[in-house]
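See structure below.
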Amino acid sequence: MKRRTVIKGLATGLSSLYLSRVYAGNYFSSTSNPGLAPGPFQPNWESLSKYKVPDWFRDAKFGIWAHWGPQCQPERGDWYGRGMYQEGSDQYKFHCEKYGHPSKFGFKDVIHEWKAENWDPEGLVELYKKAGAQYFVALANHHDNFDLYDSKYQKWNSTRIGPGKDLIGGWAKAAKKNGLPFGVSVHASHAWRWYETAQRSDKTGTYAGIPYDGKMTAADGKGKWWDGYDPQELYEQNHPLSLNSLDDNSIGEQWDWSHGANQPSKAYCEKFYKRTIDLIEKYEPELLYFDDTALPLWPVSDAGLRIASHFYNSSIKRHGDLRAVLTGKILDEKQRKCMVWDIERGQSNQIEPLPWQTDTCIGGWHYDRRIFEQHGYKSGKTVVHTLADVVSKNGNLLLNIPVRGDGTIDADERAVVDEITGWIQVNKECIFGSRPWKVFGEGPAMESSAQLSAQGFNEGKGKPFGAEDVRFTINGNTLYAIVLGWPGEKDAVIKSLATQSAQLSGRKIDGVTLLGYNGKLEWSQTQEGLKVKMPAEQPCKHAIVLKINGAIS
């Protein structure tokens with residue numbers, strides 16, 4: 001998936017006149033573009049600002065994601081299709097040892113070896129539903145530009161090469177069977193810039209000066225397994241390098257196509273548009289995730305605006321009302337009204353006025369066997385704490401469980417999913433269908449919370465949660481206090497629920513119970529806070545939930 005450096009503001013360096021024309025929807029003349037579904041939404045920011053997040057997404061709170069594609073086949077981590085062309089990098093060294101030099105065996109050949117032979121989508125989605133997932137998302141393509149579905153406009157797709165299977169079709173069927181809204185994530189808009197490493201050659205050694213396979217064409221495939229396929233339809237490298245392209249970190253600041261990024265051609269942008277519309281029409285997802293600044297190819301193309309309007313309008317046509325959820329990153333205040341703001345590997349530090357989502361992973365975005373061998377996944381405890389924190393601030397958690405190249409998950413991942421399952425089964429009423437309270441929480445962890453970067457990435461940078469840290473949600477007229485640790489023999493003390501608390505507005509608590517515990521609790525409401533004596537044994541691991549009556553009128 002993701003870029004590894006902080007991305008700067010939207011379209012830095014563009015003239016204010018250019019941006020004002022684009023924001024007004026006047027720069028492009030595509031409203032008559034064929035293929036756009038008719039309806040109330042037009043392909044401009046002003047029209048999209050009328051969007052309202054559907055209740056199903058606000059109620060769901062928790063989704064699971066299969067960020068799975070051919071880059072999982074080597075089991076060597078994220079951005080493999082780029083890193084294998086970076087001389088001297090870990091992935092380059094691994095690739096040369098396992099497959100051969102990238103001038104002879106490129107990423108197209110990795111795709112060819114990927115078979116997904118043990119993939120069981122129904123079994124995995126059923127497992128995730130049991131763990132509490134209220135929606136399921138699957139990777140439709142990544143920056144590697146390989147479509148994981150029966151793509152009308154991209155010959156390099158999983159029905160023709162590699163697995164020989166319609167992977168999105170299989171995931172969609174499994175989600176429907178389990179009664180879960182289905183989402184797809186789309187990342188391929190960046191292949192133009194992302195694959196520029198494939199244009200390089202070694203600077204030293206035996207292969208110095210011999211180009212990698214990024215410039216190969218259909219003519220080079222005669223007599224080979226890829227005879228009849230043009231590698232340029234995959235790599236898209238028939239263009240000059242971007243400014244500072246040889247600096248591996250420069251891609252971060254060019255993510256919004258600024259700072260000297262080579263500008264994608266109109267044909268490239270239109271092909272991406274057609275591929276994504278084809279994906280929407282074939283599989284009818286309820287959620288569409290974009291790994292882009294605002295929208296794909298923005299602001300050099302209006303392809304993303306057209307996709308957004310079509311997605312919303314086609315949802316209304318199909319359902320009679322708007323059920324579509326579209327997510328984007330690094331959004332300004334205007335854009336957050338047009339779609340759901342997605343924060344990568346991070347959380348907001350306040351209750352957001354509009355619903356939002358964090359996407360994160362228990363390991364690396366693409367499967368990395370080393371994390372499994374070193375037992376390095378996030379714990380179930382970390383996931384539960386993240387879920388409680390995000391939901392208390394009006395957000396959703398989308399959690400990736402990395403999938404091996406063969407289509408399975410490993411034993412440690414199953415153990416994490418089982419931990420989540422155990423907690424959700426006891427405490428689901430404080431999560432699903434909930435809304436934020438007047439304050440999101442209390443406790444020492446709030447004092448050391450890390451600030452967001454433009455993209456997110458403040459996850460795990462603050463003080464770990466403990467028994468003094470509390471997160472609040474409400475469901476109907478019931479308040480829930482999620483205590484992020486076990487107080488043990490000490491009383492749990494909720495300071496925000498003291499007798500003179502401004503949040504209570506003079507109301508008195510008239511009942512307290514502990515989810516998962518059938519006995520009667522000893523509790524009192526004082527000027528110091530709500531004090532609750534804990535039972536001898538905790539009802540669940542990681543976080544306990546107090547159900548409080550009388551705090552809400």
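The values are calculated or read from the model by the stated rules, or taken from the named source; none is laboratory data. All values derive from a computational prediction rather than experimental measurement. Virtual Cβ from ideal backbone geometry, glycine too; neighbours counted across all protein chains shown.
Would you say Ala172 is in the same structural domain as Gln91 (by TED's automatic domain parsing), among the small types (Gly, Ala, Ser) and either assigned to a loop (DSSP other than H, G, I, E, B) or more than 30 Å from Pro211 (Cβ to Cβ) (or both)?
Considered against the rule, which asks whether it is in the same structural domain as Gln91 (by TED's automatic domain parsing), among the small types (Gly, Ala, Ser) and either assigned to a loop (DSSP other than H, G, I, E, B) or more than 30 Å from Pro211 (Cβ to Cβ) (or both), Ala172 comes out as yes.
In segment 244-261, which residues are closer than 19 Å to Met84 by Cβ, free of Cβ contacts under 8 Å to residues at least 24 places away in the same chain and in contact with a Gly (Cβ under 9 Å, 6 or more places away or on another chain)?
Residue satisfying the conditions is Ser250 alone.
For the condition modelled with pLDDT of 95 or more and in a loop (DSSP other than H, G, I, E, B), what is the one hit in Gly422, Gly433, Gly462, Gly466?
Gly433
Are there any pairs with C-beta distances below 7 angstrom linking a residue in segment 89-106 that is touching a residue at least 12 places away in the same chain (Cβ under 8 Å) to a residue that is in a loop (DSSP other than H, G, I, E, B) and surrounded by fewer than 17 Cβ atoms within 10 Å (Cβ to Cβ), with the two at least 6 apart or on different chains, and if so which?
Here the result reads Ser103/Ile210, each pair linking segment 89-106 to a residue that is in a loop (DSSP other than H, G, I, E, B) and surrounded by fewer than 17 Cβ atoms within 10 Å (Cβ to Cβ).
Conditions (1) within 16 Å of Cys96 (Cα to Cα); (2) polar (S, T, N, Q); (3) surrounded by 23 or more Cβ atoms within 10 Å (Cβ to Cβ), marked per residue:
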{"position": "Lys173", "(1), (2), (3)": "no, no, no"}
{"position": "Lys176", "(1), (2), (3)": "no, no, no"}
{"position": "Gly179", "(1), (2), (3)": "no, no, no"}
{"position": "Phe182", "(1), (2), (3)": "no, no, no"}
{"position": "Trp192", "(1), (2), (3)": "no, no, yes"}
{"position": "Glu196", "(1), (2), (3)": "no, no, yes"}
{"position": "Asp202", "(1), (2), (3)": "yes, no, no"}
{"position": "Tyr207", "(1), (2), (3)": "yes, no, no"}
{"position": "Ala219", "(1), (2), (3)": "no, no, no"}
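Within segment 360-374, can one find any residue that is closer than 18 Å to Lys541 by Cβ, at pLDDT 95 or above and assigned to a loop (DSSP other than H, G, I, E, B)?
Yes, there is a match, as at least one residue in segment 360-374 is closer than 18 Å to Lys541 by Cβ, at pLDDT 95 or above and assigned to a loop (DSSP other than H, G, I, E, B).
What's the total number of residues in segment 525-540 that are polar (S, T, N, Q), in a strand (DSSP E or B) and out of contact with any Lys or Arg (no Cβ under 7 Å at 6 or more places or on another chain)?
Number of matching residues: 0.
Please indicate, with yes or no, whether at least one residue in segment 387-398 is closer than 28 Å to Gln425 by Cα, out of contact with any strand residue (DSSP E or B) (no Cβ under 7 Å at 6 or more places or on another chain) and at pLDDT 95 or above.
There is at least one residue in segment 387-398 that is closer than 28 Å to Gln425 by Cα, out of contact with any strand residue (DSSP E or B) (no Cβ under 7 Å at 6 or more places or on another chain) and at pLDDT 95 or above.
Does any residue of segment 378-393 turn out to be surrounded by 20 or more Cβ atoms within 10 Å (Cβ to Cβ), in contact with a helix residue (DSSP H, G or I) (Cβ under 9 Å, 6 or more places away or on another chain) and in a loop (DSSP other than H, G, I, E, B)?
No, because not a single residue in segment 378-393 is surrounded by 20 or more Cβ atoms within 10 Å (Cβ to Cβ), in contact with a helix residue (DSSP H, G or I) (Cβ under 9 Å, 6 or more places away or on another chain) and in a loop (DSSP other than H, G, I, E, B).
Is there any pair linking a residue in segment 338-356 that is under 18 Å from His187 (Cβ atoms) to one that is in a loop (DSSP other than H, G, I, E, B) and acidic (Asp, Glu), with Cβ under 7 Å and at least six apart or on different chains, and which?
Cβ pairs passing all conditions: Arg345/Glu459.
Condition check ((1) assigned to a loop (DSSP other than H, G, I, E, B); (2) in contact (Cβ under 8 Å) with a residue 60 or more places away in the chain; (3) not assigned by TED's automatic domain parsing to the domain that holds Trp156) across all residues:
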| site | (1), (2), (3) |
| --- | --- |
| Ser185 | no, yes, no |
| Arg193 | no, yes, no |
| Gly205 | yes, no, no |
| Ala219 | no, no, no |
| Gly228 | yes, no, no |
| Gln232 | no, no, no |
| Asn238 | yes, no, no |
| Ser242 | yes, no, no |
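Given the residues Ser301, Ser314, Ser258, which is the only one that is part of a loop (DSSP other than H, G, I, E, B), out of contact with any helix residue (DSSP H, G or I) (no Cβ under 6 Å at 6 or more places or on another chain) and not aliphatic (A, V, I, L, M)?
None of the others qualify; the one that does is Ser258.
I need the full set of residues from segment 320-354 which are among the basic types (Lys, Arg) and assigned to a loop (DSSP other than H, G, I, E, B), in order please.
If the condition is that a residue be among the basic types (Lys, Arg) and assigned to a loop (DSSP other than H, G, I, E, B), then Arg323, Lys334, Arg345 are the ones that fit.
Tell me, which strands (runs of 3 or more DSSP E) lie completely within segment 476-524 with 3 or more residues that are touching a helix residue (DSSP H, G or I) at 6+ places or on another chain (Cβ under 9 Å) and in contact (Cβ under 8 Å) with a residue 24 or more places away in the chain?
478-483
Restricting the search to segment 323-335, which residues are buried (at least 19 other Cβ atoms within 10 Å of the Cβ) and either more than 20 Å from Val137 (Cα to Cα) or over 21 Å from the mean Cα position of the chain (by Cα) (or both)?
Those that are buried (at least 19 other Cβ atoms within 10 Å of the Cβ) and either more than 20 Å from Val137 (Cα to Cα) or over 21 Å from the mean Cα position of the chain (by Cα) (or both): Ile330, Leu331, Gln335.
Is there a residue being in contact (Cβ under 8 Å) with a residue 12 or more places away in the chain, among the acidic types (Asp, Glu) and in a loop (DSSP other than H, G, I, E, B) anywhere in segment 143-156?
Yes; the residues of segment 143-156 include at least one that is in contact (Cβ under 8 Å) with a residue 12 or more places away in the chain, among the acidic types (Asp, Glu) and in a loop (DSSP other than H, G, I, E, B).
When you check Gly179 against the structure, is it on the phi > 0 side of the Ramachandran plot, without any contact (Cβ under 8 Å) to a residue 40 or more places away in the chain and in the same structural domain as Lys266 (by TED's automatic domain parsing), yes or no?
Here the answer is no, as Gly179 does not meet what is asked.
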